[in-house]
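First up is the structure itself, then whatever we jot down about it.
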Amino acid sequence: MAVAIEKSRLVSKIFFGVFWIAAITPFFGQEFLPSVYEKLSSPLFALIDLVLILLGAWVIKSKKDWFILLSLVLITFVSTYILNDISILQYINGMRLYIGFIFMIPIVRYFFAEPERKQRFIEKFDKALYIFLWIQVPCMSYQCFLYGAFDKVGGSLGWMMSGVITTLIYLVSFYLMLKRWNKDKSYFQNIKDNWILVFLLFPSYLNETKVAFVFLAMYFFFLVPIDRKFIKRMVYVVPTIFIVLIGAGYIYLSFVDTKGADIFSKEYLEIYLTGDDELVELVEYVMDNNIEEVDETDFARGLKFAVLPLILKREPHATAFGYGVGMYKGGSLFEKSKFAKQYNWLLQGTIMQAFLFMIELGWVGLGWYVLFWILNFRVKDRRLRNKQLQLYMILTIAVISLYSCNFIIVPFYMIFMFLTFYSCHWNENSQEEVISESHERLLPKESAGL
């Protein structure tokens with residue numbers, strides 16, 4: 001028993017140590033020790049990846065977790081080493097982007113295996129998440145003051161993490177709001193009582209992440225309890241969401257320099273998502289002439305998805321299995337693959353999760369990605385799940401798949417996988433209490449008192 005206790009404490013210390021190092025080092029390194037951080041960031045995060053791999057391998061036991069691990073290893077090995085002839089070292093380096101999928105759930109499952117261990121872990125993580133939210137206020141305010149409301153406002157996660165930190169701010173605040181929600185009080189009274197969590201959404205409007213408006217609508221919509229009064233509550237909740245969005249739009253326009261563009265117009269959104277005519281013509285020219293060097297550093301998301309089928313058709317196996325892992329790794333310690341060099345213009349800039357899976361692992365990989373979420377959101381007893389949190393997270397996954405690539409960021413996947421697992425066991429303690437009480441009523445009074 002003593003050994004088990006020591007192991008759980010050690011795993012906990014390592015887990016939270018990694019979380020805080022990954023969550024705050026980028027901000028302090030980039031802002032106050034840039035030259036040192038530039039040299040040490042790559043080896044530091046390589047070490048973090050190694051620690052999480054060893055931690056996951058140490059605690060993994062579930063057959064489901066082993067299936068997820070081994071199936072991905074098989075798919076990636078076939079795609080990378082056999083079909084695309086990429087070296088083992090490049091393969092291992094490329095697999096770092098998938099650590100969150102194959103090792104984080106086993107670690108969280110380990111903490112949930114025993115009631116006392118689970119309770120300590122949840123309490124500690126809840127406290128860490130609340131502190132994490134508060135940290136973003138000074139970090140993002142400082143970055144906004146220095147650089148303006150643009151991509152460098154990534155909070156404690158550092159520059160170019162604006163989309164990741166915005167997604168996390170809403171997710172963490174939403175989760176903590178659900179934890180504090182009092183079912184005996186009204187919708188507005190609960191929000192009033194927990195107004196500080198709504199205030200902590202504010203930093204998300206200090207950068208130009210437009211998806212924040214989607215998360216804001218989701219936030220207030222899914223706080224509505226899903227019960228018999230759901231439709232009735234929508235009568236006053238929907239207008240409230242509309243008013244909140246208008247207010248958020250005003251705040252956004254106050255901080256972000258839109259250069260006179262109407263960012264809420266249909267024309268602007270179409271160009272933002274698919275690119276203008278010049279970019280479309282440039283991509284067509286690059287594709288027709290197999291050009292590798294392109295001055296444009298970032299193409300619109302929709303344009304990248306549009307060209308994806310044409311790229312995959314260039315190799316017989318690519319549509320099914322992609323071009324192998326490591327497309328977004330290499331260049332420092334390891335040489336980039338032939339494909340990554342040729343299509344650097346396509347890979348650089350904005351990355352979308354679904355796009356990454358398709359480029360590296362094709363339709364087989366994308367199918368694995370979907371199956372991963374099905375398996376991990378599935379519960380044997382539906383009474384244990386938190387529908388509001390799960391629906392919010394499933395929609396977030398859909399947004400991330402088409403908008404960004406958050407699951408390659410350590411703090412993000414640590415938080416998200418914890419909430420994924422917890423959402424399936426939300427009511428576990430209350431259900432155990434109900435079963436225990438029912439069992440006691442069936443026992444003789446003398447036995448129940450022992």
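The values are calculated or read from the model by the stated rules, or taken from the named source; none is laboratory data. Treat the numbers as computed from the prediction; the structure is a model and nothing was measured. Counting neighbours? That spans all protein chains shown, and the Cβs are built from the backbone with ideal geometry, glycine included. Each accessible area value is taken on the protein alone, full model and side chains, heavy atoms only, with ligands, DNA and RNA left out. Shrake-Rupley method; radii C 1.70, N 1.55, O 1.52, S 1.80 Å.
Values for this structure:
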{"quantity": "Estimated dipole of the chain in Debye, rounded to 20 [Cβ of Lys and Arg +1, of Asp and Glu -1, Cα centre]", "calculated": "2080 debye"}
{"quantity": "Nearest 10 degrees, 0 to 90: helix 410-423 Cα axis against the chain principal axis", "calculated": "40 degrees"}
{"quantity": "Unit Cα scatterers, Debye sum, the chain: log10 I(q)/I(0) for q = 0.08, 0.10, 0.14 Å⁻¹", "calculated": "-0.51, -0.80, -1.55"}
{"quantity": "222 nm mean residue ellipticity, helices alone, for the chain (DSSP H n ≥ 4; -39,500 (n - 2.57); rounded to 500)", "calculated": "-23000 deg cm²/dmol"}
{"quantity": "Cα-centre dipole for the range 1-128 with unit charges at Cβ (Lys and Arg positive, Asp and Glu negative), debye to 20", "calculated": "460 debye"}
{"quantity": "Exposed trypsin sites (Lys or Arg not before Pro) absent - longest run of the chain, DSSP non-H/G/I/E/B, at most 13 other C-beta within 10 Å", "calculated": "62-182"}
{"quantity": "Nearest 10 degrees, 0 to 90: helix 353-377 Cα axis against the chain principal axis", "calculated": "10 degrees"}
{"quantity": "Charge dipole (the range 140-200, unit charges on Cβ, about Cα centre) - positive-most of Phe188, Tyr147, Leu171", "calculated": "Phe188"}
{"quantity": "Fraction of alpha-carbon pairs over 13 Å apart in the range 304-367 - percent", "calculated": "60 percent"}
{"quantity": "Per residue accessible area in Å² of the range 34-84, where ligands, DNA and RNA are left out and the probe is 1.4 Å", "calculated": "59 Å²"}
{"quantity": "Over the range 34-157, relative contact order from alpha-carbon pairs under 8 Å, at least 6 apart, %", "calculated": "23 percent"}
{"quantity": "Cα principal axis extents for the range 173-237, largest first, Å", "calculated": "38, 21, 17"}
{"quantity": "Crossing angle, helix 230-255 versus the chain [Cα axis fit, 0-90 degrees, rounded to tens]", "calculated": "40 degrees"}
{"quantity": "Gaussian network model of the chain, Cα within-10 Å springs - most flexible of Phe372, Phe188, Phe19", "calculated": "Phe188"}
{"quantity": "Charge tally in the Cβ shell below 14 Å around Trp58, where Lys, Arg are +1 and Asp, Glu are -1, Trp58 excluded", "calculated": "+3"}
{"quantity": "Nearest-10 value in Å² for the accessible area of Thr297, using the 1.4 Å probe", "calculated": "90 Å²"}
{"quantity": "Cβ-based charge dipole, the chain, positive-most Cα from Ile226, Ile99, Ala340", "calculated": "Ile226"}
{"quantity": "Sequence of Ile131, Ile102, Ile243 when ordered by accessible area, the most exposed leading, probe 1.4 angstrom", "calculated": "Ile243, Ile131, Ile102"}
{"quantity": "Dipole-positive endmost among Val399, Ile14, Phe27 within the chain (Cβ charges, Cα centre)", "calculated": "Ile14"}
{"quantity": "The range 75-119 and the range 123-138: distance between their alpha carbon centers, rounded to Å", "calculated": "26 Å"}
{"quantity": "Distant-in-sequence amide H partners of Met327 (H built 1.01 Å from N, under 5 Å)", "calculated": "none"}
{"quantity": "Alpha carbon centroid spacing (whole Å) that separates the range 342-393 from the range 27-60", "calculated": "24 Å"}
